[in-house]
1. Taking into account only those residues within segment 213-262 that are of a type in the set (Lys, Arg) and modelled with pLDDT under 95, which is farthest from Trp203 (Cα to Cα)?
2. Could you say whether any residue in segment 155-178 is buried (at least 19 other Cβ atoms within 10 Å of the Cβ), within 24 Å of Leu47 (Cβ to Cβ) and out of contact with any strand residue (DSSP E or B) (no Cβ under 9 Å at 6 or more places or on another chain)?
3. Return a yes/no flag: does segment 128-145 have any residue that is hydroxyl-bearing (Ser, Thr, Tyr), within 23 Å of Arg19 (Cα to Cα) and touching a Leu at 6+ places or on another chain (Cβ under 9 Å).
4. Just to be sure I understand, how many residues within segment 146-173 are acidic (Asp, Glu) and within 20 Å of Ile110 (Cβ to Cβ)?
5. Ile224 fails exactly one of the following numbered conditions: (1) in contact with a helix residue (DSSP H, G or I) (Cβ under 7 Å, 6 or more places away or on another chain); (2) in a helix (DSSP H, G or I); (3) buried (at least 20 other Cβ atoms within 10 Å of the Cβ). What is the number of that condition?
6. Does segment 183-206 contain any residue that is of a type outside the set (Gly, Ala, Ser), assigned to a loop (DSSP other than H, G, I, E, B) and modelled with pLDDT of 95 or more?
7. Considering only segment 62-89, how many residues are modelled with pLDDT under 95 and either within 25 Å of Thr232 (Cα to Cα) or part of a helix (DSSP H, G or I) (or both)?
8. Name the single residue that is nearest to Thr238 (Cα to Cα) among those in segment 49-61 being crowded, with 16+ Cβ neighbours inside 10 Å and not aliphatic (A, V, I, L, M).
Amino acid sequence: MRPEDGSIIIITAVPYLLRLLDNPGVTSFDGDGTFKRVEGEMNKWELSIFAKFIQRAASLVHAYINCASTDFFEMLFNELQRVKIMVTGKPLGSQKFVPGGNLLVVNFDIEPAQVIGFCRSVLKHSNLEYSSIPKDIPPEKIAPYFIKICLRHGKEPVNDFKSLISATNFDRLHDFVYIDLKEALDTFSAFVYGLGVKKISDWWRHKEMHEWIIPCIVKSQSLIPADVWDCTPSTTNTNKAQHHWTNLQTGIKLSPVEALEW
């Protein structure tokens, strides 16, 4: 807890499970919060993987938090890095940034604070000689190298536009995640603004304003190699399923103490 602002971070993890993050068969993880499990101002953030060697999902880290700013998420991930190094001797092993890393991608929802906070933390442990990426680079510029935004969350807002445009235009809008050429992005942007619907223009403008969002959703715009993109998850469904599984085991609307005891 930081007395100056009242922010709270409580990280819980079983050492054996935390070590799975270094397993060569683990090439990605999902990170996301859920408000259901803890009652009151606290939220639970969960890190989940799909463990190929046992063919099932697993939650490796539960963090109990009460803020959601970029600075706060940076603190959360810094603390997670500290705990992981303490337990395993290694930082989070993103293959792009540290030698011998096994993590090819990380999956998040469209939450700028979480994504940028994570990128800031990753840069602190990046090996410059290995990655050739300077540590003072703006954090949003490294996201397209290894972060994938959940496809379902990326497309979900488009459903609100169905009654505003024709079926043909809606289908084209809904399929923006499948833009297959870098040059086609400009054509699609012209199409969006040409619809003349403020709600839709604002939606797309928000994605253009945050330069990392489109490359983290659209394969053709990403800096992740195409073969890596194709062999790694494109949603946070593993994490969502783990939220549900955990809630079934423990119940919901628990006090922070009850949640920590499970």
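1. Taking segment 213-262 first, the residues of a type in the set (Lys, Arg) are 219, 240, 253.
The next check asks that each one be modelled with pLDDT under 95; those that pass are 240, 253.
Working: Lys240: 24, Lys253: 33 Å.
Once the filter is applied, the top-ranked residue is Lys253.
2. No: zero hits.
3. no
4. Selection size over segment 146-173: 2.
5. For Ile224, the exception is condition (2).
6. Step one: list which residues in segment 183-206 are of a type outside the set (Gly, Ala, Ser), which gives 183, 185-188, 191-193, 195, 197-200, 202-206.
Pick out the ones that are also assigned to a loop (DSSP other than H, G, I, E, B) and you get 183, 195, 197.
Cutting the leftovers down to modelled with pLDDT of 95 or more gives us 195, 197.
Yes, the conditions are met somewhere in segment 183-206.
7. Going through segment 62-89 one residue at a time, the tally reaches 2.
8. Result: Phe50.
The values are calculated or read from the model by the stated rules, or taken from the named source; none is laboratory data. Small disclaimer: the values here were computed from a predicted structure and weren't measured. When we count neighbours, we look across all protein chains shown, and the Cβ atoms used for this are built from the backbone with ideal geometry, even at glycine.
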